[in-house]
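One structure is given here, and the rest of the page talks about it.
The values are calculated or read from the model by the stated rules, or taken from the named source; none is laboratory data. Keep in mind it's a predicted model, so treat the numbers as computed, not measured. Here the Cβ is made from the backbone with ideal geometry for all residues, glycine too, and neighbour counts use every protein chain on show.
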Amino acid sequence: METVELTIDGKKVTAPKGSTILEAARKNGIDIPALCYHEGISPYGACRLCMVEINEGGRDRLVASCIYEAKDGIEVRTSTERVNRVRRMAMELLLARCPRSEVIRQMAAKVGVERTRFPERPPEEDDNCILCGLCVRACREVVGVSAIGFAYRGSKREVATPFHESPELCIGCGTCAYVCPTGCITFEDKGNVRIIWGREFEMQKCKVCGRYFAPVAQLEYIRKKAGLPEDFFDVCPDCRP
């Protein structure tokens, strides 16, 4: 595997060619905060918490480490005053948007932000969504159905289903909820039904242990996509030989 060598906080590190600075740092045990990043999903650069300062070709500048490629010879500094100032500003904006999110409040405290100078969203508008886009990208890239997306622009921008109706394309898998960093997307399993995005999904019951383990729509989607036998999901993963 071809690798590159760079310097992060004075330490020489190597990383696979094509990886980002954030990936190179984490691979070498160097922490860079991020909220919109997930290793299984394409980077987006939305939250701006992963900003670092680099020196490349004798020039210093700030870049988002989750979308900037690690290159031979560059020097990366993850906690300069300039970097910390940008992160604190990003956290103030996130704290104003989601003032009641425990995740946001804890991250803000880590970078030295206890309160925000910007107007906080009122309780009736605060849904804990930071517009990181993880749910949208996961639904499109990992699941492959694009049941949710971004709607509107500017301060009205939000994650929503098409026309704010129960999404026909949704398979009830809950991937969007699993990747959401603030827990603003939720689902509820009640017996043989899963409720998510305003829809109720019938759950598959294992013929061996009797446990409801996944939505029928999700399993049927996977079965058809993978060309599996019709009875493949009659039993849950725990009971399968």
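What the table below lists for this structure:
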| read-out | value |
| --- | --- |
| Close pairs (6 angstrom Cβ cut-off, 6 or more residues apart or separate chains): touching a residue at least 12 places away in the same chain (Cβ under 8 Å) and under 21 Å from L134 (Cβ atoms) in the range 47-64, crowded, with 21+ Cβ neighbours inside 10 Å and among the charged types (D, E, K, R) anywhere | L49/R87 |
| Check on F232, touching a Lys or Arg at 6+ places or on another chain (Cβ under 8 Å) and surrounded by fewer than 17 Cβ atoms within 10 Å (Cβ to Cβ) | yes |
| Residue among L49, L93, L62 that is touching a strand residue (DSSP E or B) at 6+ places or on another chain (Cβ under 6 Å), modelled with pLDDT of 95 or more and of a type outside the set (D, E) | L62 |
| Selection count where residues are in a loop (DSSP other than H, G, I, E, B), among the small types (G, A, S) and within 20 Å of C180 (Cβ to Cβ), scope the range 88-132 | 1 |
| Which numbered condition Q218 fails, given (1) part of a helix (DSSP H, G or I); (2) surrounded by fewer than 20 Cβ atoms within 10 Å (Cβ to Cβ); (3) polar (S, T, N, Q) | (2) |
| Restricting the range 1-55 to residues that are among the small types (G, A, S) and surrounded by fewer than 15 Cβ atoms within 10 Å (Cβ to Cβ), the residue that is farthest from R157 (Cα to Cα) | G10 |
